[in-house]
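Reviewing the structure listed below.
The values are calculated or read from the model by the stated rules, or taken from the named source; none is laboratory data. This one's a predicted model, so the numbers in the text were calculated from it and none came from an experiment. All Cβ positions, even for glycine, are placed from backbone atoms using ideal geometry, and neighbour counts span all protein chains on display. Ligands, DNA and RNA are stripped out before the accessible areas are found, and what is left, the full protein with its side chains, is counted by its heavy atoms. Shrake-Rupley method; radii C 1.70, N 1.55, O 1.52, S 1.80 Å.
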Amino acid sequence: MQAFSTIASHVPVWVWTLLALLLALGLRQSRDQYLPRGRLVLLPLIWLAYGLWGVRSSFGHEFALMLAWALGLVLGMQLMRLSGLASLVAGSHFDAQRGHYFVPGSWLPMVLMLALFGAKFALGMSLAMHPELAQEANVALSFSALFGALSGALLGRSRTILRSSSTASTATNSAIAASPQGQVLPA
């Protein structure tokens, strides 16, 4: 317990503030909500920047590291699109009356945000105790890919919400066009 208090005492206050903010944001994401398009895009872009900053601040900006981050990003987006995780945003749709997207509550954003925060925290603590780890290619490439994958999963979630909503509106428009009187036909 003394080791934890020693470590915690050396962590800057802004880190604990960021953790509290993430918990509050994650709790909010766990409830159904209506979000504007900009907010659906902004949150993953912030996490993209945070993940990229995590790579650059820890290891520099070597091409191999940026490539590992980018490949992780694509992998995270594809996993969101192709896996069963996409079903977590089932039911999302654009509400034309409100001009916002309905997003069903999910714990996934909190898990992804805390995973990215935790990975960056663990890396920072490890590098503070063992700076030589920054020179280890396996460590640098692994964390770069991890930061990219977690950021990509958050981006993929938003992309899935935006696409599922546009797919639903395209299906509705097709049904209206196919009906003889321009009415929506039952599915």
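Some notes on this structure:
- Residues that are surrounded by 13 or more Cβ atoms within 10 Å (Cβ to Cβ) and part of a loop (DSSP other than H, G, I, E, B), drawn from region 1-32: Val11, Ser30
- Set side by side, the residues Ala149, Ala153, Ala145 differ, and just one is modelled with pLDDT under 95 and not aromatic (Phe, Trp, Tyr), which is Ala153.
- Residue match in region 33-48 (condition: touching a helix residue (DSSP H, G or I) at 6+ places or on another chain (Cβ under 9 Å), open to solvent by less than 80 Å² (accessible area, probe 1.4 Å) and of a type in the set (Gly, Ala, Ser)): no
- Within region 49-62, considering residues that are aromatic (Phe, Trp, Tyr) and touching a residue at least 12 places away in the same chain (Cβ under 8 Å), the one surrounded by the fewest Cβ atoms within 10 Å (Cβ to Cβ): Tyr50
- Within region 63-110, tally of residues that are of a type in the set (A, V, I, L, M) and either without any contact (Cβ under 8 Å) to a residue 24 or more places away in the chain or farther than 17 Å from Gly148 by Cα (or both): 9
- Selection count where residues are crowded, with 24+ Cβ neighbours inside 10 Å and either out of contact with any Lys or Arg (no Cβ under 9 Å at 6 or more places or on another chain) or among the basic types (Lys, Arg) (or both), scope region 130-154: 8
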